[in-house]
């Protein structure tokens, strides 16, 4: 898989792309990540990439011309604009992108991006959440890790990516424990030490429902109040 990132700060990615599962995937040739310097496509001697907004207002707006130049060679890729105005990013979207051979992430900066970029030059517009960052670079890193960990051979046990939050029934994952069985008086739930796989499975599902009900009730629209299932 090849991932391009259109950004004003390509150096932002140098460190994070060299560590963890993403770093290993790049080293193993599973994925190639190419930051593309938007400034190289800027206008004039000063490589201008932004200008004042039509109609007035605070801040500067990224111009369409440099972005059009940067995206032209990437027309055959799936181009995604990272923006607070985009659709909220969900796990199924990462699953879909992980099946694609080429993905392009477009990082915004300043007050925003000329709306014609979203209308004509990209295939999707997504948001990492209901908050605003200084730019799309941190969001791009999150997406890269979320996609790369789904590629074949990247995660040692692929079953671990199929049994986690937002999978299956769409619930949050249950609590996890490991050795020691007791620490500072805090004990692991007895059921996990019982060896009774049926009880453990029932406990884990109960915990998934409880945790989701307490922390993300919006995910429980397909479950009745008694938590009995769909």
**Message:** Starting from the 7 Å offset along Cα-to-Cβ, what nm value, one decimal, do you get for the label separation of residue 173 and residue 72?
**Reply:** 4.5
**Request:** Going by C-beta contacts inside 10 Å, put 97, 203 in order with the fewest on the left.
**Result:** 203, 97
**Segment residue 160-residue 205, length gained on full extension (0.36 nm per residue, minus Cα span)** = 14.6 nm
**Message:** Output the 0 to 90 degree angle, nearest 10, between the alpha-carbon long axis of helix 197-215 and the longest principal axis computed from the alpha carbons of the chain.
**Reply:** 50
**Request:** Treating the angle as unsigned and between 0 and 90°, give the value, to the nearest 10°, between the Cα long axis of helix 137-148 and the longest Cα principal axis of the chain.
**Result:** 50
**Request:** Mind sorting out which of [x] 1.07; [y] 1.05; [z] 1.02 is the real Rg/Rh (Cα atoms, Kirkwood Rh) computed from the coordinates?
**Result:** [x]
**Histogram of C-alpha separations across region 19-62, 5 Å bin width, %** = 5, 17, 14, 11, 10, 10, 11, 12, 6, 2
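Just from its helices, what would the mean residue ellipticity at 222 nm be for the chain, if runs of 4 or more DSSP H residues each count -39500 (n - 2.57) and the sum is divided by every residue, rounded to the nearest 500 deg cm²/dmol? Provide the component values of the computation, followed by the final result.
Details: 6 runs with 61 residues, N = 230.
-8000 deg cm²/dmol, from helical runs alone.
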**Message:** Assuming 0.36 nm per residue, please report the length gained on full extension of the stretch residue 43 to residue 191 beyond their Cα-Cα distance.
**Reply:** 46.8 nm
**Prompt:** Quick one: if you stick a label point 7 Å off each Cα along the C-beta vector at residue 119 and residue 218, how many nm between them?
**Reply:** 2.9
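Rule-based calculations on the coordinates, nothing more; no lab input. Nothing here was measured: the structure is a model prediction, and the numbers come from that model. No Cβ is skipped: glycine too gets one built from the backbone with ideal geometry, and neighbour counts run over all protein chains shown.
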